[in-house]
Every structure is written in C-alpha cells, then in structure tokens.
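*Asks:* Below are the structure tokens for one structure; questions will follow.
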Amino acid sequence: MAYIGALVGGTANDIFFMVLPFVDNFFHAQGTFMLTPRLPLYIPAVYICFIYLPVVASWRLASRSVSARCAASALGGTLFYAPYDLTGAKFLWWSWHDTDAAVAARWLGVPIGSTLWTLIHGYCFHRLLHVFVLRHAAPLRASTAAFALLGLSLLCTPCMMLSMAPFQMHQLRLELAPALRLVQMPGRPWDETIADARSVVVQMPGRPDPPALALAVVTMLLTFASGSRISKDVSTSDAGGADALEREPPRRGLDMVLLAAALGTLLTLALAMALGEPANVVSLGLHQEYGACAVPDIDLSGYARTKYLCQAELDEDFHFGCVRQSLPPAQPKWYTICGKQHSNYGLYAGVTASLCALSGAMLTWMLLGVGGRRVTRAQQAKKD
C-alpha cells in the first residue's frame with residue numbers, strides 16, 4: 001500500500017500544482033515517453049524513490065515512535081531528492097517560473113521551496129499512511145485499502161500546504177497604516193472617505209526561505225531524537241502501542257535490493273553532475289509562457305509576479321541562443337531553452353557528491369546499520 005500510495009498520491013500532487021493557473025510554476029522537459037504534454041513517465045517513479053524508499057527504511061529503525069519514523073523518512077527522502085533536484089535543475093530536466101515567490105529563493109539554482117516541500121510532503125505522507133494503513137491489522141480489506149488510497153491521494157497535498165505555513169510565520173508583517181473607510185457624515189447627503197490608522201497585514205507567509213527550511217529541518221531532527229529517546233524506555237514486547245510494522249520482521253533480502261537500487265541511483269546522479277556538460281543541453285518543449293515584459297500577475301500566496309517570461313528580464317540558468325528561433329515564439333509556451341556552462345564546476349560537483357554520500361549513508365544506516373530494528377524469534381513469538 002505504501003508503494004501504490006506513493007505512486008498515486010505523488011502523481012496526484014504533481015498534477016494538482018501543474019494545472020492550477022495561479023500556481024503553474026514548474027515545467028518538466030519533454031521525455032521519451034509522456035503521460036501528458038507536461039508529465040513525463042518517469043516522474044511517478046521519482047515519487048516512489050524519495051517517498052516509498054525512505055518510508056520503508058524508517059520501518060527498520062529501532063524506534064517505535066510513529067513521529068520519529070515519520071521524521072526519519074522525511075529527512076531521508078529530502079536527502080535523496082536534493083541531489084536529483086540539483087542535477088535536474090542544472091541539466092534542464094525541468095525549469096521554474098522566473099519570478100514566482102514560492103521558487104524565488106534558491107540554492108545552486110534549486111528553489112528552497114522545493115526542498116522544504118520534499119521534507120514536509122514526506123512527513124505528511126508517512127503520517128497519513130499510519131492513520132489509514134499501518135494502525136490496522138494486516139491483511140487489509142479491499143474497502144479499507146481503497147479508502148486508504150483515496151485518503152492519501154486527496155489529503156496529502158492539503159496537509160503538506162497547511163504544515164508548511166508554521167515554518168514561514170516569521171515572514172508575517174503587521175504595520176500601522178491608514179485604512180480608508182466610508183462614513184455617513186451628519187447633515188451630508190453623501191458618504192465621505194476618511195483615514196483611520198489601524199494595524200494591517202502588509203506581508204503574508206508564503207515565501208520559502210533559508211530560515212523556514214532550517215526551522216523545518218531542526219524540527220524534524222528534534223522529533224526524531226525525542227521519539228527515539230522515549231521509545232528506548234518502552235519494551236518491544238508491549239503490544240499496546242504496536243502497529244502493523246511491529247508484527248512483521250524485517251526482510252533483509254528486499255532491503256538489500258532497495259539499498260542497491262538507491263545507491264546506484266545516487267552514484268548515477270553524482271556522475272551525471274561530474275561528467276555531464278550542461279552547455280550541451282537543448283530542451284524543446286512546454287515552458288513558462290513567453291510574452292511581454294513586466295506584465296503583472298498574482299501567485300498562490302497573493303504575491304506579485306510577472307506573468308510571462310521575456311528575454312530582456314531573464315534571470316535563469318538557461319538562454320535561448322543555441323538554436324535559431326523567433327522570439328516571441330509562434331506558440332508562447334512551446335519553445336527551446338539552452339543550458340549554460342558551469343559557473344563553478346567544483347562547487348556543483350562537490351555538493352552533489354556530498355549529498356549523494358550523505359543520502360547513501362543515511363539509507364544504509366536505516367536499512368542495515370545500527371539503526372536497524374532487530375527482532376528475535378522470541379520477540380516475534382510474543383507478538384504472534
């Protein structure tokens with residue numbers, strides 16, 4: 001169920017943000033096989049990689065705390081996704097809206113909002129999976145499984161959006177400003193407008209930034225640490241708090257297969273950044289709509305952005321000069337963008353390799369290392 005939930009729920013999340021006109025801030029490159037004009041076939045598999053794999057790995061931890069497991073899977077998924085996000089952005093596997101507030105703050109071209117989303121989405125998915133699936137006895141009835149899949153698909157994205165807000169509350173700004181209101185003046189046949197000084201909101205949360213990401217990471221680390229410490233005082237023979245995971249022993253053979261696949265993927269990403277040449281990338285497909293400069297628009301959080309991409313105000317890690325094309329293009333959303341050379345090859349290659357190493361180490365620790373859950377035959381007999 002975790003596998004299917006990651007596949008269906010993750011794809012639903014991608015499509016949800018893709019079709020909403022007031023979001024519409026990311027654009028996948030054209031792949032060999034496309035599910036829709038904007039959704040490559042491999043994207044659903046990516047959700048399996050950074051959601052399902054860390055969730056399963058967290059089940060091997062010694063901690064019985066649900067919160068600790070959810071936090072561990074969220075951190076593991078974020079570490080796994082980060083080098084993929086970095087490599088994909090540099091090699092134009094996708095592009096981002098040029099001025100949208102949700103993707104404005106970036107690290108090495110990767111929106112902080114993307115990293116924050118990965119962290120919170122992973123936590124919410126695992127928490128909902130526990131609510132709908134893991135607390136029930138296995139095997140699940142067909143009706144329970146269908147309800148669980150529906151719940152994961154419909155609730156994970158709203159839960160993620162609501163959960164991101166507290167980490168951005170430092171952005172809230174209130175100021176005393178004159179507010180205009182209409183009043184009826186005695187003896188006057190018309191309304192008059194007067195100024196009334198009051199506290200008004202001048203900025204709402206909704207711009208992912210470094211403090212928001214740091215706060216979310218620290219929160220996950222503290223959640224994992226506190227949950228793990230508490231669970232050490234709880235005997236694994238206490239069935240009262242056990243869920244479906246506590247009734248199943250680890251499957252080392254499958255764990256090895258998952259770990260080998262994960263390490264192979266991470267190695268591929270590191271080699272792609274180290275050996276690939278982003279300046280040779282040519283991406284023809286659907287991108288941010290091209291048009292006149294400085295046309296105002298509003299994003300999901302109510303922040304101003306420009307509606308169209310234009311060459312004169314371009315501030316992205318790509319250009320238009322690798323092929324002959326007319327600008328503006330005949331089809332405003334279908335044109336070619338071209339990769340740029342590394343501005344700092346050592347930095348990009350080093351950060352990617354470091355993230356891959358950290359991700360591989362964490363997954364190894366969860367699946368096979370000291371964090372692995374050991375279930376003896378005696379303990380299993382008691383649970384049975």
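Just so you know, all these numbers are worked out from the coordinates, no wet-lab data involved. None of these values were measured; they are calculated from a predicted model. Here the Cβ is made from the backbone with ideal geometry for all residues, glycine too, and neighbour counts use every protein chain on show.
*Asks:* Using modelled amide H (1.01 Å from N, peptide plane; none on Pro or chain starts), what sits under 5 Å from the amide H of ARG305, excluding residues fewer than 5 places away?
*Replies:* For ARG305, the qualifying residues are ASP297, ILE298, ASP299.
*Asks:* Still on this structure, I have one more. Scan around GLU289 for amide H atoms under 5 Å from its own, H built in the peptide plane at 1.01 Å from N, and keep only partners 5 or more places away or cross-chain.
*Replies:* LEU309
*Asks:* Sticking with this one: For the pair HIS170 and LEU254, what calculated FRET efficiency results from E = 1/(1 + (r/R0)^6), where r is the Cβ-Cβ distance and R0 = 35 Å, to the nearest 0.05?
*Replies:* Working from the Cβ atoms, E equals 0.25.
*Asks:* Ok, one more. Quick one: Karplus J couplings for the range 265-279, per residue in order, coefficients 6.51, -1.76, 1.60, θ = phi - 60°, nearest Hz, x for Gly and Pro?
*Replies:* Those phi angles translate into 5, 5, 5, 4, 5, 5, 5, 4, 5, 6, 10, x, 10, x, 5 Hz.
*Asks:* Kindly write out, for the range 94-105 in residue order, the coupling ³J(HN,Hα) from the Karplus curve 6.51 cos²θ - 1.76 cosθ + 1.60 (θ = phi - 60°), rounded to whole Hz, with x marking Gly and Pro.
*Replies:* 7, 9, 10, 4, 5, 10, 5, 4, 5, 10, 6, 6
*Asks:* Relative contact order for the range 85-147: what is it in percent, counting Cα pairs under 8 Å that are at least 6 residues apart?
*Replies:* Taking the mean separation of contacting Cα pairs over the length of the range 85-147, I get 19 percent.
*Asks:* Beyond 20 Å, how much of the Cα-Cα pair distribution for the range 253-324 remains, as a whole percent?
*Replies:* Summing the P(r) of the range 253-324 above 20 Å gives 58 percent of all pairs.
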